[in-house]
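Here, each number is a calculation from the coordinates, and none is a lab measurement. Nothing here was measured: the structure is a model prediction, and the numbers come from that model. Because the Cβ atoms are built from the backbone with ideal geometry, glycine has one as well, and the counts that use them run over all protein chains shown.
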Amino acid sequence: MRFSAPVTHVYAPLDYASASVDRYVASYARPGIEALFLGMNPGPWGMAQTGIPFGEVAHVREFLGIDEPVGRPAIEHPKRPVTGFSCARSEVSGRRFWSWVEERFRTADDFFARFFVWNWCPLAFLEETGRNRTPDKLPVDERRPLEHACDEALRSIVEVLKPRRVIGVGAYACKRAGMALDEGAIRIDSILHPSPASPAANRGWAPQVEAQLEALGFELPGSV
C-alpha cells in the first residue's frame, strides 16, 4: 500500500515494537472473553511508542508490567520521534482508558480475564506538520485496500479470541467491526472514545463509559 500527501510518514509499531506486542499478547490474550475493546489506530504518543493499544507509557510499564526494547520506524518523522519507554509525553486517550481500568479492576489480570484491547488498524499516519491523520480521513482509493486488510485481520483475531461481543471505542471502530463481522453471530456495540478532541469525553469520560457499559449489561467490579 502507498499513501500520498498530506501523509508523509507511516509508522508500523507492531513491527518495530514487536517485543512489547509479543509480551502483551502472551500475557493477556485469552480465548473466550466477554468482549474485545476495539480502538481505531495508534496515536503518536501511545501505541506508536509502546506497541500497545492506547499505550500510554506510564500505564503500560507500571500497570501492564511491560517495558521491552522498542526499535525505530524505517523513516522517522523529525517532529514525532519514537523513543519507546523513554518517551516523556503522556497520551491523554491512553491515560484515561488505562486509568479507568486500573481504578475499576485494580489488577491487569482481573481486567484481561474478561476483556482484551486491540486496534482495528495497526498503522499511524503522520502529516508533514506532525499532525496525526486517522484512517477515515485517507482518500478513498488509499482507504479501501487498508480497510480490506484491517477487516480481514479483525476477523482472524475474533476467530482466535472468540469474544462474545466487540465494543468499538468510538464510532468509527464500531462501524468497521460492523462491516467486517457477522452481526448475527456476534454483538457489536460502542462506547465513547477517550480522545481529548471529544468535548463529551472531556466532561468526565470514565463515568460516562461506565454508564454505557452497565446499560449494555456488563457488571463492573464495585458497581452498586
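Within the chain, what is the longest stretch that has no GluC sites (Glu not before Pro) placed in a DSSP loop and near at most 16 other beta-carbon atoms within 10 Å?
Formally, the longest exposed-site-free interval is 129-182.
GLY39's amide H: which non-local residues (gap 5+, or another chain) put their own amide H closer than 5 Å, with H modeled 1.01 Å from N in plane and none for Pro or chain starts?
The list, which skips near neighbours in sequence, is TRP118, ASN119, TRP120, VAL169.
Classify the range 95-150 from the C-alpha gyration tensor, please: rounded if a/c falls under 1.5, else prolate or oblate depending on whether a/b exceeds b/c.
Note, shape of the range 95-150 comes out oblate.
Rounded, prolate or oblate: which one fits the range 12-171, using the alpha carbon gyration tensor with axes a ≥ b ≥ c (rounded when a/c is under 1.5, else prolate when a/b beats b/c, else oblate)?
oblate
Among PRO73, PRO145, PRO31, which one shows the biggest mean-square fluctuation in a GNM of the chain, springs joining Cα atoms closer than 10 Å?
Taking springs between Cα atoms under 10 Å, the residue moving most is PRO145.
Between the range 150-191 and the range 1-54, how far is it from one alpha carbon centroid to the other, in angstrom?
After rounding, the separation between the Cα centres reads 16 Å.
Rounded to the nearest 5, what % of DSSP beta bridges with both residues in the chain are antiparallel?
30
Amide H neighbours of SER190 under 5 Å, counting only residues 5+ apart in sequence or on other chains, H built in-plane at 1.01 Å?
The list, which skips near neighbours in sequence, is GLY168.
So what J values fall out for the range 48-54 if you push phi through Karplus, 6.51 cos²θ - 1.76 cosθ + 1.60 with θ = phi - 60°, rounded to Hz, Gly and Pro as x?
My calculation for the range 48-54 gives 5, 8, 10, x, 9, x, 6 Hz in order.
Residues in the range 118-150 near a label at ALA5, defined as backbone nitrogen under 15 Å from the 7 Å Cα→Cβ point?
127-130
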